[in-house]
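Accompanying notes for the structure given below.
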Amino acid sequence: MALKDKAYYQAIADQLVLPSQAFIDGSFAPAASGAVIRSINPATGETLGTVSHCQPEDVDRAVKAARRVFGAGTWSRCAPEERKAVLLKLANLIRENSDELAVMESIDSGKPIKDCIHEISTEVPNTFQWYAELIDKSFGKIAPTDASACAMIIKEPIGVAGLVLPWNFPLLMAAWKLAPALASGCSAIVKPAEQTSYTALRLAELAAEAGIPAGVLNILPGLGETTGQAIGRHHGIDVVSFTGSTEVGRYFLKYSSESNLKPIGLEMGGKSPFIILGDTKITDDLIDNAVSSAFWNGGQNCSANMRQIVDKKIVEEFTHRVVEKTKKIAVGNPLDPLTELGPMVTLEHRNTVMRYVEAGRTGGADIALDMADAYTSTSDCFVGPSVFTNMTPEMKIAREEIFGPVLGILTVDGMEEALACANNSDYGLHATVFTQDIDKALYMARRLACGTVGINGFTEGDIKTPFGGYKQSGSLARDKGTEAMDQYLQSKTIWINVNQG
Ligand code: NDP
């Protein structure tokens with residue numbers, strides 16, 4: 001989609017009506033206690049407004065509504081074509097309102113408008129459309145038996161799904177979870193991240209307009225330890241799908257074990273490698289991929305390729321060109337369509353990232369580019385990009401997920417050392433490999449312990465391909481692809497004895 005100018009997006013921002021209440025059982029309502037949390041624009045430091053801070057009693061009310069409508073079958077057992085038509089309508093409503101949603105997301109999270117427009121005008125509606133179109137093309141199975149039986153295996157929606165979201169891709173993560181959950185016939189209780197509630201609340205309005213029945217979709221903003229925990233521990237919630245930190249993922253497993261043993265789908269952190277084997281020609285395309293894999297979304301991306309593992313034969317040229325390209329990243333006002341790097345999502349997160357920058361400065365790595373403090377602006381949340389070289393695997397900045405614009409380069413000698421270095425991590429979400437040798441590419445792809453491998457390009461795949469992590473990056477659950485449906489469906493066997501007469 002063609003981008004408009006800054007004045008156009010600013011004018012939308014100036015006229016926005018921001019939703020402030022929870023969406024429960026088909027209408028907006030304040031938290032029963034009246035509690036609210038404040039929303040701040042990280043690019044300006046201004047308060048945008050408040051949103052309801054849902055308490056366990058609000059979660060309980062939403063779960064009761066979700067269970068009521070699930071039991072009634074209005075959505076869970078309606079004709080596949082009906083559910084499909086509603087979700088296709090929702091996809092179109094998102095497209096029609098994408099400028100407004102994108103501006104809302106940009107001012108709430110600090111994400112550059114050009115990224116918000118791309119995600120919200122294409123990826124988000126396409127996700128709803130793809131799962132909508134799957135609904136009437138998904139078949140059960142008949143197991144092989146002799147003529148004395150007919151054994152059917154069917155899939156049924158699991159019930160009420162709790163969807164707990166992060167702040168880095170607010171509406172896209174809502175879509176990745178909500179589209180398959182709704183397509184499967186589940187009811188949903190969604191908790192957006194406390195920093196970024198607005199687009200999920202606006203989505204609820206559009207969903208109601210599309211025809212999603214009251215109670216099927218409930219949006220409960222609030223804090224993790226109250227709203228999130230109440231979802232994790234609720235006996236009336238049948239499954240949770242979570243994206244966020246590994247630390248909070250552990251809490252959800254605990255909540256489940258201490259309540260109703262609900263399955264927990266986990267999509268968590270990463271420290272993903274970008275590997276360049278020695279046979280690689282350093283092209284502009286390679287450098288574009290290296291820089292965007294690290295600095296896209298300000299590095300606030302679970303699959304950010306922050307460990308760049310480069311063969312010693314080419315590391316010098318690679319480093320020089322990455323630094324030159326990184327210097328040109330446009331840092332600034334997220335509503336300017338030319339901006340590529342906005343502020344970190346909060347001041348607290350900015351301070352965490354700066355602690356890592358300081359650990360890099362004092363921890364033994366060399367600094368090839370240090371622009372972390374170079375940008376002074378309308379708020380204190382900005383962190384410019386840094387590039388560290390001669391990073392070694394045991395350094396703090398090489399092991400821990402920073403979630404900010406801090407790239408580290410490790411030098412290796414040969415493919416096996418690159419592979420060992422890449423796999424030397426508690427995480428296993430993503431990897432990129434650049435090589436001109438297809439045998440080496442496939443060898444690496446098979447041996448890298450992670451859920452997605454991009455060859456000769458940084459990519460998370462598309463809506464047709466599953467996304468999730470090995471090791472401490474995830475559980476067996478996957479977002480995207482037909483695999484995402486498995487989080488929200490359960491198998492039932494129906495065995496019919498056939499009278500042989
Ligand atoms: P969290 O894991 O804390 O937050 C993710 C979601 O879980 C939010 O909705 C959050 O609510 C909720 N939550 C937080 N604490 C609890 C709890 N005790 N019980 C139930 N739910 C809870 O991520 P942060 O936002 O704090 O980010 C911290 C780090 O997590 C980042 O620096 C990054 O390393 C990683 N992260 C990874 C993401 C990914 O895409 N894999 C996305 C976001 C973060 P609340 O909004 O109130 O905190």
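In the stretch 415-467, what residues are basic (K, R) and either under 23 Å from the mean Cα position of the chain (by Cα) or part of a strand (DSSP E or B) (or both)?
Applying the first criterion (basic (K, R)) to the stretch 415-467 yields 440, 446-447, 464.
If the condition is that a residue be basic (K, R) and either under 23 Å from the mean Cα position of the chain (by Cα) or part of a strand (DSSP E or B) (or both), then K464 is the only one that fits.
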Helices (runs of 4 or more DSSP H) within the stretch 98-166 that include 2 or more residues small (G, A, S) and touching a residue at least 12 places away in the same chain (Cβ under 8 Å):
98-109
Taking the conditions exactly as written (away from the ligand (no atom under 16 Å from the Cβ), more than 25 Å from E81 (Cα to Cα), more than 16 Å from the chain's Cα centre (by Cα) and among the hydrophobic types (A, V, I, L, M, F, W, C)), does A149 satisfy them or not?
yes
Output for Cβ contacts, cut-off 6 Å, separation at least six or different chains, first residue in the same structural domain as N305 (by TED's automatic domain parsing) in the stretch 416-427, second in a helix (DSSP H, G or I) and open to solvent by 70 Å² or more (accessible area, probe 1.4 Å), reads L419/R447
Could you tell me whether any residue of the stretch 482-497 is open to solvent by less than 10 Å² (accessible area, probe 1.4 Å), under 26 Å from K141 (Cα atoms) and in contact (Cβ under 8 Å) with a residue 24 or more places away in the chain?
yes
Any hit, the stretch 411-431, residues being touching a Ser or Thr at 6+ places or on another chain (Cβ under 7 Å), among the hydroxyl-bearing types (S, T, Y) and closer than 20 Å to S303 by Cα
yes
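Test Q21 against the stated conditions and say whether it is in contact with a strand residue (DSSP E or B) (Cβ under 8 Å, 6 or more places away or on another chain), open to solvent by 20 Å² or more (accessible area, probe 1.4 Å) and in contact (Cβ under 8 Å) with a residue 24 or more places away in the chain.
Numbers: in contact with a strand residue (DSSP E or B) (Cβ under 8 Å, 6 or more places away or on another chain): yes; open to solvent by 20 Å² or more (accessible area, probe 1.4 Å): yes; in contact (Cβ under 8 Å) with a residue 24 or more places away in the chain: yes.
For Q21, the condition - in contact with a strand residue (DSSP E or B) (Cβ under 8 Å, 6 or more places away or on another chain), open to solvent by 20 Å² or more (accessible area, probe 1.4 Å) and in contact (Cβ under 8 Å) with a residue 24 or more places away in the chain - is met.
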Cβ-Cβ distance below 9 Å, separation of 6 or more or different chains: which pairs start in the stretch 232-257 with a residue that is closer than 12 Å to S473 by Cα and end on one that is at pLDDT below 95?
G244/G269; S245/G269; T246/G269; E247/G269; G249/G269
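Could you pull out the residue among I282, I276 that is surrounded by 23 or more Cβ atoms within 10 Å (Cβ to Cβ) and more than 16 Å from the ligand (Cβ to nearest atom)? Break it down stepwise before answering.
Values: I282 fails: surrounded by 23 or more Cβ atoms within 10 Å (Cβ to Cβ).
Checking each option against the conditions leaves just I276.
Here is a check on your reading of the model: is I117 away from the ligand (no atom under 16 Å from the Cβ), open to solvent by less than 10 Å² (accessible area, probe 1.4 Å), among the β-branched types (V, I, T) and within 23 Å of D479 (Cβ to Cβ)?
On the way: away from the ligand (no atom under 16 Å from the Cβ): yes; open to solvent by less than 10 Å² (accessible area, probe 1.4 Å): yes; among the β-branched types (V, I, T): yes; within 23 Å of D479 (Cβ to Cβ): yes.
When the stated conditions are applied, I117 passes them.
How about the stretch 304-334: which of its residues are outside any strand (DSSP E or B) and open to solvent by less than 10 Å² (accessible area, probe 1.4 Å)? Quick ask: steps written out before the conclusion?
Residues of the stretch 304-334 outside any strand (DSSP E or B): 304-306, 312-330, 332-334.
Within the stretch 304-334, A304, N305, F318, V322, T326, G332, P334 meet the criteria.
Would you please name the residue that is nearest to V322 (Cα to Cα), looking only at residues in the stretch 374-397 that are surrounded by fewer than 22 Cβ atoms within 10 Å (Cβ to Cβ) and not polar (S, T, N, Q)?
First pass over the stretch 374-397, keeping only residues surrounded by fewer than 22 Cβ atoms within 10 Å (Cβ to Cβ): 374-380, 384, 390, 392-396.
Those still in the list that are not polar (S, T, N, Q) too: 374-375, 380, 384, 393-396.
Working: A374: 18, Y375: 19, D380: 26, G384: 15, P393: 20, E394: 23, M395: 21, K396: 22 Å.
Among them, the one singled out is G384.
For the stretch 14-30, enumerate the residues that are of a type in the set (A, V, I, L, M, F, W, C) and either in a loop (DSSP other than H, G, I, E, B) or under 23 Å from the mean Cα position of the chain (by Cα) (or both). Before you say what the answer is, go through the steps one by one.
Going residue by residue through the stretch 14-30, those that are of a type in the set (A, V, I, L, M, F, W, C) are 16-18, 22-24, 28-29.
Passing the criteria: L16, V17, L18, A22, F23.
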Does the stretch 31-49 hold any residues that are open to solvent by less than 60 Å² (accessible area, probe 1.4 Å) and either assigned by TED's automatic domain parsing to the domain that holds V331 or not in a loop (DSSP other than H, G, I, E, B) (or both), and which are they?
I37, S39, L48, G49
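Might you let me know whether the stretch 80-92 holds any residue that is modelled with pLDDT of 95 or more and not in a helix (DSSP H, G or I)?
Initial filter on the stretch 80-92 (modelled with pLDDT of 95 or more): 80-92.
Narrowing further to those that are not in a helix (DSSP H, G or I): none.
The answer is no, given that none of the residues of the stretch 80-92 is modelled with pLDDT of 95 or more and not in a helix (DSSP H, G or I).
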Pick from the stretch 468-481, criterion charged (D, E, K, R) and open to solvent by less than 80 Å² (accessible area, probe 1.4 Å), ranking: nearest to Y427 (Cα to Cα):
R478
Positions within the stretch 197-225 being within 14 Å of the ligand (Cβ to nearest atom), of a type outside the set (G, A, S) and either surrounded by fewer than 18 Cβ atoms within 10 Å (Cβ to Cβ) or assigned by TED's automatic domain parsing to the domain that holds I402 (or both), in sequence order
L223, E225
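Looking only at residues that are of a type outside the set (A, V, I, L, M) and within 16 Å of the ligand (Cβ to nearest atom) in the stretch 152-186, which one is most open to solvent (accessible area, probe 1.4 Å)?
Taking the stretch 152-186 first, the residues of a type outside the set (A, V, I, L, M) are 155-157, 159, 162, 166-170, 176-177, 180, 184-186.
Right, trim to within 16 Å of the ligand (Cβ to nearest atom) and you get 162, 166-170, 176-177.
On the way: G162: 0, P166: 16, W167: 44, N168: 11, F169: 12, P170: 10, W176: 14, K177: 2 Å².
Per the criteria, the residue is W167.
Residue-by-condition table, conditions (1) within 18 Å of the chain's Cα centre (by Cα); (2) small (G, A, S); (3) modelled with pLDDT of 95 or more:
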residue: R61; (1), (2), (3): no, no, yes
residue: G71; (1), (2), (3): no, yes, yes
residue: S98; (1), (2), (3): no, yes, yes
residue: V103; (1), (2), (3): no, no, yes
residue: D108; (1), (2), (3): yes, no, yes
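For the stretch 135-146, how many residues are open to solvent by less than 70 Å² (accessible area, probe 1.4 Å) and either of a type in the set (A, V, I, L, M) or touching a Phe, Trp or Tyr at 6+ places or on another chain (Cβ under 7 Å) (or both)?
The first filter runs over the stretch 135-146 and keeps only residues open to solvent by less than 70 Å² (accessible area, probe 1.4 Å), leaving 135-136, 140, 143, 145.
Adding the requirement that they be either of a type in the set (A, V, I, L, M) or touching a Phe, Trp or Tyr at 6+ places or on another chain (Cβ under 7 Å) (or both) leaves 135, 143.
The total comes to 2.
The values are calculated or read from the model by the stated rules, or taken from the named source; none is laboratory data. Model, not experiment: these values are computed from the prediction. Every residue, glycine among them, receives a Cβ derived from its backbone with ideal geometry; neighbour counts consider all protein chains shown. We work out accessible area using only protein heavy atoms, side chains counted, and drop any ligands, DNA or RNA first. Shrake-Rupley method; radii C 1.70, N 1.55, O 1.52, S 1.80 Å.
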